[in-house]
Each structure stands twice: as C-alpha cells, then as structure tokens.
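See below for the structure under consideration.
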Amino acid sequence: MITHDTKIRVWYKHTDQMGFVHHSNYICYYEEARSDLMRSMGLSYADMERKGIIMPILEVQSVYKRPAFFDDCLTVRILLREMPTARIRFEYEVYNSQGELLNTGMTTLGFLHADTHRPTRAPQWFVEALAEAMSRGCTLFGSRRSDNGLRPFVFVSLRLSFWQETCAGT
C-alpha cells in the first residue's frame with residue numbers, strides 16, 4: 001500500500017454561503033493529492049499524456065462527515081491499495097489540523113490511448129514505479145500549497161506528525 005499526504009489551505013472562494021467548504025472542492029482536493037502522489041514518485045500526468053496515455057475519471061464517491069472552513073489547513077491522505085490494470089482506484093481521507101476526519105472518498109480512473117480513446121492496461125513503466133514504492137512500504141509525505149509556489153517533497157517510511165506541526169505554524 002502507498003499513502004501520501006498533501007496539505008491544502010482552504011481559500012475563501014472554496015466556501016459556500018454557509019461558510020463551509022463547498023462539496024465540489026473535495027473532488028479538486030482529490031485531484032491535487034493524485035497529482036502530488038505521482039510527482040513524488042517522479043511521474044506526472046503531463047509525462048503520461050506526452051507518452052500517449054490519458055487517465056479520465058470513471059467513478060467518484062465522496063462522503064461528508066464534518067465541514068471544513070475558510071483558512072483551515074487540511075491534510076488530504078491518498079491511499080493506493082492495489083496495483084492497476086486497465087483501471088486504478090484511489091481512496092482519500094481529508095483531515096483538519098486537529099486530526100478530525102472530515103471526508104472520505106474514492107476515485108477510479110481508466111487508462112486510455114490518447115489518440116484512439118480506447119482502453120489499455122497501465123503502462124509498464126507506471127506499474128514499475130508503483131511496485132517500487134509499494135515494495136518499500138513507503139509513506140510519501142508530499143507538498144503543501146505555499147505562497148511561493150514551491151512544492152517540497154520528502155520521502156519517508158514512517159508516519160510523522162511533521163505536517164500537523166508545519167500546518168499549525170502557517
């Protein structure tokens with residue numbers, strides 16, 4: 001299994017009239033976590049597309065347990081439990097800075113040839129990168145949105161409270 005944490009600061013524009021993060025933003029948070037996970041392994045959606053593979057969303061599920069609010073620092077944890085075939089399934093857990101579970105979700109993406117839009121199996125180079133990360137039993141702690149746009153990555157094999165401490169100081 002691979003897990004990866006991404007920090008997201010809730011912007012005012014993410015909230016609705018009730019002051020809650022609008023439900024549609026969680027889907028965007030999932031996408032940011034997926035992109036960060038791939039970058040942390042040296043992969044990117046842009047590289048996949050240049051190599052002729054696209055990954056559309058086939059299914060999305062999202063369960064809202066508690067609201068998030070403007071200026072909250074959220075941790076989006078993405079979990080990859082099994083190797084992909086022609087599809088890949090990601091699970092998500094969204095926590096606030098107090099460690100309270102706010103949301104859970106799941107997305108399934110397919111692998112398609114970019115030119116024909118026909119299904120294909122996950123590319124071998126993609127599967128190998130995932131297998132390497134899974135064999136290390138890695139927990140990948142990713143980026144957090146920062147004002148300067150930098151996205152630091154730290155590879156670790158232990159869960160640390162580093163991101164909670166970091167987020168509390170921002």
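The values are calculated or read from the model by the stated rules, or taken from the named source; none is laboratory data. Note that the coordinates shown come from a computational prediction; the quantities given were computed from them, not determined experimentally. When we count neighbours, we look across all protein chains shown, and the Cβ atoms used for this are built from the backbone with ideal geometry, even at glycine. These accessible areas exclude ligands, DNA and RNA; they are computed on the full protein's heavy atoms, side chains included. Shrake-Rupley method; radii C 1.70, N 1.55, O 1.52, S 1.80 Å.
Computed values, structure above
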{"item": "Given (1) touching a helix residue (DSSP H, G or I) at 6+ places or on another chain (Cβ under 8 Å); (2) closer than 25 Å to R89 by Cα, number of the condition H14 does not satisfy", "result": "(2)"}
{"item": "L43 part of a loop (DSSP other than H, G, I, E, B) and either surrounded by 13 or more Cβ atoms within 10 Å (Cβ to Cβ) or acidic (D, E) (or both)", "result": "yes"}
{"item": "Residue within the stretch 60-67 that is among the charged types (D, E, K, R) and under 20 Å from M1 (Cβ atoms) present", "result": "no"}
{"item": "Selection from the stretch 16-38 of residues that are hydroxyl-bearing (S, T, Y), closer than 17 Å to S62 by Cβ and either without any contact (Cβ under 8 Å) to a residue 60 or more places away in the chain or surrounded by fewer than 21 Cβ atoms within 10 Å (Cβ to Cβ) (or both)", "result": "S24"}
{"item": "Meets criteria (in a loop (DSSP other than H, G, I, E, B) and within 22 Å of W11 (Cβ to Cβ)) for R77", "result": "no"}
{"item": "Selection within the stretch 74-116 - over 21 Å from S24 (Cα atoms) and touching a residue at least 60 places away in the same chain (Cβ under 8 Å)", "result": "L80, R81, G99, H113, A114, D115"}
{"item": "From the options R77, R66, residue that is under 21 Å from G99 (Cα atoms) and either open to solvent by less than 70 Å² (accessible area, probe 1.4 Å) or touching a Pro at 6+ places or on another chain (Cβ under 7 Å) (or both)", "result": "R77"}
{"item": "The stretch 88-119, subset of a type in the set (S, T, Y) and either open to solvent by less than 30 Å² (accessible area, probe 1.4 Å) or modelled with pLDDT under 95 (or both), residue farthest from L58 (Cα to Cα)", "result": "Y92"}
